[in-house]
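> Just dropping this structure here.
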């Protein structure tokens, strides 16, 4: 005779119910209530996991207190003018002044058509001559603008 075929026996205050997990017919005295309100048999009961009781109401503070931008040097760009005309393909340029210019600085040169040729300084400038990393792409007249941005003014990923 299996469990479901047992004769119903009346026990005052101990009614029958079905386990909410496995569906077995059990008496109330044989059941346990889980933390989420299910009535289960003793075999299906398990305690609430302690990790579910962890208080997550507090936010993780990720902001940097009193953050400040990285200071930059006082000289952000140097402007000068072309002293000797140049043609497309030239990799050197003679300018009025090479003060505050260094190897690796970014340079923009105004071409005769109005476009700007951007490249970097290749080597230390000397005797008013700048060596360019990439050749000029057009004609450059005397007194055209030359703008040099110091390499130390730019933050790179390695600086962070």
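Quick note: the coordinates plus some simple rules give every number you see, no bench work behind them. For clarity, every value in this text was computed on a predicted model and none was experimentally measured. Counting neighbours? That spans all protein chains shown, and the Cβs are built from the backbone with ideal geometry, glycine included.
> Within a 10 angstrom radius of the beta carbon, how do 97, 31 rank from fewest other beta carbons to most?
97, 31
> I've got another one for you. Mind sorting 60, 115 by how few other Cβ atoms lie within 10 Å of their own Cβ, fewest first?
Exposure proxy ranking, most exposed first: 60, 115.
> In addition: Would you mind ranking 147, 11 so that the residue whose beta carbon has the fewest other beta carbons within 10 Å leads the list? Let's see the in-between values first.
Numbers: 147 15, 11 11.
Sorted ascending by nearby Cβ count, the order is 11, 147.
> How long is the gain from residue 87 to residue 20 if the chain were fully straight, where each residue apart is worth 0.36 nm and the alpha carbon distance is subtracted?
Using 0.36 nm per residue and subtracting the Cα-Cα distance, I get 15.3 nm.
> Another question about this same structure. Could you tell me whether the stretch 85-157 comes out rounded, prolate or oblate from its Cα gyration tensor? Rule is a ≥ b ≥ c as square roots of the eigenvalues, rounded for a/c under 1.5, then prolate if a/b exceeds b/c, otherwise oblate.
Values: a/c = 1.80, a/b = 1.45, b/c = 1.24.
The shape class here is prolate.
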